[in-house]
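Here's the structure we're looking at; comments come further down.
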Amino acid sequence: MTLMRRPVRSELMKLTTTRMPWAFLVVLLVMGGINAASVAFGTDFDGSKAFVSTADDQQSLIAFAGNATMIAGLFGAIAAAREYAHLTVIPTFLADPGRRRVVVAQLVAIAVGGGVLGALGAAITTVAVAASLPTTEYGFLIPAVDVIQVVAASAFCGAVGAVLGAGIGIVVRNVGGAVTGAVLVLIVAPPMLVQLISSTASWVPASLALDLSGVGSEVAAPAAVFGLLLWALVPAAVGAFTVRHRDVA
């Protein structure tokens, strides 16, 4: 652990000294505003506000884990790919020739960043919905324990999505290609997979994220965690393998 502390700290510093996290924060704030507007001005087909009338409805509205997976996936893809696209990873490898250790540090730092984005997204969405509910006839009905579950699930899914995206970014090494790859894996491929094999519907990231948030009930929480980890660790392992067996530049 002591050997990993310095490279992880260095990778975290790289992430926090660029404008990219701020850009993603703006995205989260915009999404929070959209949720607030949907509560304040949106209605069901009959003109009522029934979509926020129960605790379950409200919890479904603030469940951010699925969005966290996708947003953090893009974050991880960009963060990892730009290191290779701009060749800024070369000084890192020169300072620490242990490529495996460097890649692990990169993935840990990106996972932390993704987790923070996920938790912030869930917190912003919750606050936005709670702040807009006084415009309706309903109060905030979600118990504190369920709010904690939503935030924790979003943080975990953010970390998972970030690692998945980073694995793709390390393999592709081009920001545009990495973003495209993350979109394909997280958004395009799952529905296609479900169409081909219907039994996989419960095991795609979006469905697993809902289960962890307490909104879905297709898969038990431990199984959902395991499934999401598989989605992240497979591309991460492929990325680590390519780094060890391929030239950086």
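The values are calculated or read from the model by the stated rules, or taken from the named source; none is laboratory data. If you're wondering where the values come from, they're calculated on a predicted model, not measured in any experiment. Note that we place each Cβ from the backbone using ideal geometry, even for glycine, and neighbour counts take in every protein chain shown.
Comparison of Ile148, Ile142, Ile187, Ile168 shows that the only residue that is touching a residue at least 24 places away in the same chain (Cβ under 8 Å), farther than 22 Å from Gln106 by Cβ, not small (Gly, Ala, Ser) and not in a loop (DSSP other than H, G, I, E, B) is Ile187.
In segment 28-50 there is at least one residue matching the filter, namely being among the basic types (Lys, Arg), outside any helix (DSSP H, G or I) and in contact (Cβ under 8 Å) with a residue 40 or more places away in the chain. The residues of segment 1-52 that are among the charged types (D, E, K, R), surrounded by 13 or more Cβ atoms within 10 Å (Cβ to Cβ) and under 20 Å from Gly73 (Cβ atoms), listed by number, are Glu11, Lys14.
Taking the criterion of being over 20 Å from Ile71 (Cα atoms) and polar (S, T, N, Q), the residues of segment 3-47 that qualify are Ser10, Ser38, Thr43.
Taking (1) modelled with pLDDT of 95 or more; (2) under 22 Å from Ala223 (Cα atoms); (3) surrounded by 15 or more Cβ atoms within 10 Å (Cβ to Cβ) in turn, Pro190 satisfies each apart from (1). Evaluated against (1) buried (at least 18 other Cβ atoms within 10 Å of the Cβ); (2) in contact (Cβ under 8 Å) with a residue 60 or more places away in the chain; (3) touching a helix residue (DSSP H, G or I) at 6+ places or on another chain (Cβ under 6 Å), Gly118 falls short on exactly one condition, (2). Scoring Leu12 on the criteria (1) in a helix (DSSP H, G or I); (2) free of Cβ contacts under 8 Å to residues at least 60 places away in the same chain leaves a single failure, condition (2). Can you name the residue in segment 171-180 that is touching a residue at least 60 places away in the same chain (Cβ under 8 Å) and more than 12 Å from Met70 (Cα to Cα) and is also surrounded by the most Cβ atoms within 10 Å (Cβ to Cβ) among such residues? Only one residue fits best here, namely Ala178. Considering only residues in segment 50-83 that are more than 21 Å from the chain's Cα centre (by Cα) and of a type in the set (A, V, I, L, M, F, W, C), the one that is modelled with the highest pLDDT turns out to be Ala55.
Scan segment 240-249 and tell me whether some residue there is surrounded by fewer than 17 Cβ atoms within 10 Å (Cβ to Cβ), touching a Leu at 6+ places or on another chain (Cβ under 7 Å) and either assigned to a loop (DSSP other than H, G, I, E, B) or in contact (Cβ under 8 Å) with a residue 60 or more places away in the chain (or both). Within segment 240-249, one or more residues are surrounded by fewer than 17 Cβ atoms within 10 Å (Cβ to Cβ), touching a Leu at 6+ places or on another chain (Cβ under 7 Å) and either assigned to a loop (DSSP other than H, G, I, E, B) or in contact (Cβ under 8 Å) with a residue 60 or more places away in the chain (or both). Being out of contact with any Pro (no Cβ under 6 Å at 6 or more places or on another chain), over 22 Å from Ala209 (Cβ atoms) and part of a helix (DSSP H, G or I), is that true of even one residue in segment 73-80? For segment 73-80, residues out of contact with any Pro (no Cβ under 6 Å at 6 or more places or on another chain), over 22 Å from Ala209 (Cβ atoms) and part of a helix (DSSP H, G or I): absent.
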